[in-house]
Each structure stands twice: as C-alpha cells, then as structure tokens.
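Q: Mind looking over this structure? Questions follow.
The values are calculated or read from the model by the stated rules, or taken from the named source; none is laboratory data. Not measured: the values here are computed from a predicted model. Here the Cβ positions follow ideal geometry from the backbone for every residue, glycine too, while neighbour counts run over all protein chains shown.
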Amino acid sequence: MTRRHDMKTKKSLMRRAAIHLLWLSICPLLSNAQNEASAVEDIEPVDPRPAQSDVASMQLIKNYLTVTGGRQAHLALRNAVAAGTIKESTLVRNFRLIETIDGKRHLTYDWTHLGRKHRVVYVHDGLQSWTQVLEPKRQEPRTYGGADGAHFASQRWLLQPFTLPLLANYVFKYQGASKVSGRPAYIVKGYGKKDAHSWFYFDKEKSLLTRWGGEGQIAGVSEYMDYRATQFKPVDGVLLPTRIDLLVENAAFGHLNFEKIEMNQNLDDVSFLIPRSTIPTLRQRPITSK
C-alpha cells in the first residue's frame with residue numbers, strides 16, 4: 001500500500017460527492033436550501049482523523065523505541081543539538097539544528113557564495129514558524145507559512161513524535177506494507193497538529209525508521225517530500241540517523257550529513273520567539289479642525 005492510495009480514495013470520494021449533489025439538485029421533494037444542508041451532512045469527510053491510534057501502529061512504534069535504545073532512553077530526551085552539511089542539487093551549506101521534544105525547531109544555514117557570507121534561520125516556536133536573513137545584510141524577520149512552513153514544523157530530522165509530550169498531538173493509523181530502498185517496510189500514517197499528515201516507514205526486519213515525510217511544495221506544486229535515513233549511530237544510548245537522503249516523490253535530490261549530535265543541551269541562550277521588528281512605525285499626526 002502506498003500513499004497514492006490516499007489520493008485515489010480522495011478522488012473517489014469527490015466523485016461520489018458530486019453524484020450525490022447532482023441527485024439532490026433534481027429531487028423535487030426538497031428545497032434548494034435543504035439540498036445544500038443535506039449535502040454538507042451526508043458527504044463523508046476525506047480521510048478523517050481516527051479517534052485513537054490502532055494497535056498495529058503502536059506496536060511498530062514500540063518496536064522502534066526498543067531497538068533504538070529503549071523507551072526509557074527516549075523518554076529521557078529533552079532536545080537534540082546537531083551540526084553538519086546539507087547538499088541540495090549543487091548548493092552545499094552548513095547547518096546547525098536544534099529540536100526539542102515538545103516540537104520546537106531552530107535551524108541555521110550558513111554558506112559562502114562569491115566571497116560573501118550568507119546566514120539564514122528558520123524557527124518553529126511550537127505555535128508558529130518564522131524565518132530571518134542574518135547575513136550578508138540583516139533583514140526583518142517574517143512569518144514562514146504556507147505548505148513550506150507547515151512541512152518545516154511537522155517533519156523533523158532527529159526527534160520523532162513517538163514519546164510524550166509531542167506524542168500527545170498525534171494519532172497513528174497503520175497503512176500496510178511498502179519498500180524502502182528495496183527493503184520491506186510497514187507504513188504508519190500520523191495525524192498531527194491541525195491534522196497535518198506524515199508518513200513513517202518502519203523496516204520490517206530491523207524495526208528502524210528508514211523513511212518519513214509529508215506533503216510540501218516545490219515551485220508551487222504539491223509533492224511528497226521525504227527523508228530517507230541511510231546511516232545510524234548511537235548518541236547517549238539512542239540510535240539516531242547520521243546521513244539522510246532528501247527525496248521528492250521517490251527521487252533523491254540531496255542529502256544531510258550529521259557531523260555532530262549532542263543530546264539534552266542547555267538552551268538558555270536560545271530564543272525560539274520571533275524578534276520584534278526594528279522598523280520604526282510612522283504615526284500620522286491627527287488632523288485638527290480650524
């Protein structure tokens with residue numbers, strides 16, 4: 001079973017909904033207002049959020065926690081601070097990543113182009129996402145919304161939503177079998193905050209999380225944007241990915257290399273809140289009558 005099954009189901013439901021609306025529009029026994037109300041009530045929501053996670057999904061997550069260090073080791077994690085390089089097509093950048101177990105993210109990219117240093121931050125504070133250019137010339141921070149912002153907030157590189165408190169925002173649904181790099185795997189769909197959808201692929205033999213992701217946008221087109229872990233190493237007793245391929249649909253267009261990962265660091269000097277604007281506000285002088 002693949003995620004394209006969701007799209008086929010959605011289209012099927014849309015066709016059924018269209019037929020249902022047509023029937024209501026020609027029915028002489030009901031008024032137009034009644035037809036519209038019935039249509040809203042009768043159409044089944046597309047892929048509704050389950051009331052609770054199913055047994056199969058939770059067993060796969062339990063297996064993953066066990067093989068990567070044990071549930072107690074994962075529960076002890078509060079944050080991860082990592083550094084490395086990211087290559088997207090021909091662009092190579094350094095990154096510094098902070099992820100917290102309650103869903104915050106702070107990602108800094110820096111690179112040099114034509115002798116000029118560039119530095120940009122992307123941040124999710126738990127409620128909203130924002131970004132700011134710091135170099136070569138500092139710009140005002142701005143909100144990071146749309147599909148890109150939602151993907152940044154929902155899809156993580158190291159700390160997945162399989163333990164509290166982040167787990168409380170999710171419901172999981174088993175979706176069947178698939179493959180990752182030719183290896184058999186099981187798919188679990190996650191419904192997060194605002195029902196943001198994520199897909200998690202667990203290796204059938206080793207129970208490792210080898211692929212995960214969700215819908216994003218490239219050039220204004222919605223695509224599945226995933227991460228595929230290809231190398232792992234233990235960090236403070238928890239097995240984490242150290243190399244991740246960047247995927248659009250099933251094609252790799254880049255990769256992440258983690259050169260350093262540290263757990264449970266002091267983040268007192270890190271702010272996830274969007275900075276206040278430094279642009280002065282022009283106030284119009286009130287007009288007084290003569």
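Q: Could you tell me which of the residues 230, 163 is in a loop (DSSP other than H, G, I, E, B), of a type in the set (Ser, Thr, Tyr) and either touching a Lys or Arg at 6+ places or on another chain (Cβ under 8 Å) or over 20 Å from residue 70 (Cα atoms) (or both)?
A: Going through 230, 163 in turn, just one is in a loop (DSSP other than H, G, I, E, B), of a type in the set (Ser, Thr, Tyr) and either touching a Lys or Arg at 6+ places or on another chain (Cβ under 8 Å) or over 20 Å from residue 70 (Cα atoms) (or both): 163.
Q: Answer yes or no as to whether residue 111 is part of a strand (DSSP E or B), more than 22 Å from residue 154 (Cα to Cα) and in the same structural domain as residue 253 (by TED's automatic domain parsing).
A: So residue 111 passes the test.
Q: While we're looking at this one, here's another question. Condition (residue is under 27 Å from residue 89 (Cβ atoms) and outside any loop (DSSP other than H, G, I, E, B)) applied to the stretch 169-179: is it met by at least one residue?
A: Yes, some residue in the stretch 169-179 is under 27 Å from residue 89 (Cβ atoms) and outside any loop (DSSP other than H, G, I, E, B).
Q: Can you go through 80, 56 and tell me which one is within 18 Å of the chain's Cα centre (by Cα) and closer than 24 Å to residue 167 by Cβ?
A: Every option except 80 fails the conditions.
Q: Quick check on my filter: what residues within the stretch 244-261 are touching a His at 6+ places or on another chain (Cβ under 9 Å) and part of a loop (DSSP other than H, G, I, E, B)?
A: Within the stretch 244-261, no residue meets the criteria.
Q: Quick one: is residue 127 without any contact (Cβ under 8 Å) to a residue 12 or more places away in the chain, part of a loop (DSSP other than H, G, I, E, B) and not charged (D, E, K, R)?
A: Yes, satisfied.
Q: Look at residue 176 and say whether it is surrounded by fewer than 16 Cβ atoms within 10 Å (Cβ to Cβ) and either within 25 Å of residue 230 (Cβ to Cβ) or touching a Lys or Arg at 6+ places or on another chain (Cβ under 6 Å) (or both).
A: The answer is yes for residue 176.
Q: Then there's this: Looking at 149, 115, 69 in this structure, which one is at pLDDT below 95 and farther than 26 Å from residue 220 by Cα?
A: The match here is 115.
Q: Are any residues in the stretch 215-230 out of contact with any Pro (no Cβ under 7 Å at 6 or more places or on another chain) and of a type outside the set (Asp, Glu), and if so, which ones?
A: Once the filter is applied, which keeps residues that are out of contact with any Pro (no Cβ under 7 Å at 6 or more places or on another chain) and of a type outside the set (Asp, Glu), the stretch 215-230 yields 216, 217, 218, 219, 220, 221, 222, 224, 225, 227, 228, 230.
Q: Take the residues in the stretch 181-228 that are among the aromatic types (Phe, Trp, Tyr) and under 14 Å from the mean Cα position of the chain (by Cα); name whichever of them is surrounded by the fewest Cβ atoms within 10 Å (Cβ to Cβ).
A: Out of the qualifying residues, it is 224.
Q: Taking the criterion of being of a type in the set (D, E, K, R) and surrounded by fewer than 16 Cβ atoms within 10 Å (Cβ to Cβ), would at least one residue in the stretch 229-242 satisfy it?
A: yes
Q: Could you say which residue among 87, 117, 137 is exposed (fewer than 12 other Cβ atoms within 10 Å of the Cβ) and assigned to a strand (DSSP E or B)?
A: 117
Q: Return yes when residue 202 is at pLDDT 95 or above, within 19 Å of residue 154 (Cβ to Cβ), assigned to a loop (DSSP other than H, G, I, E, B) and aromatic (Phe, Trp, Tyr) and no when it is not.
A: no
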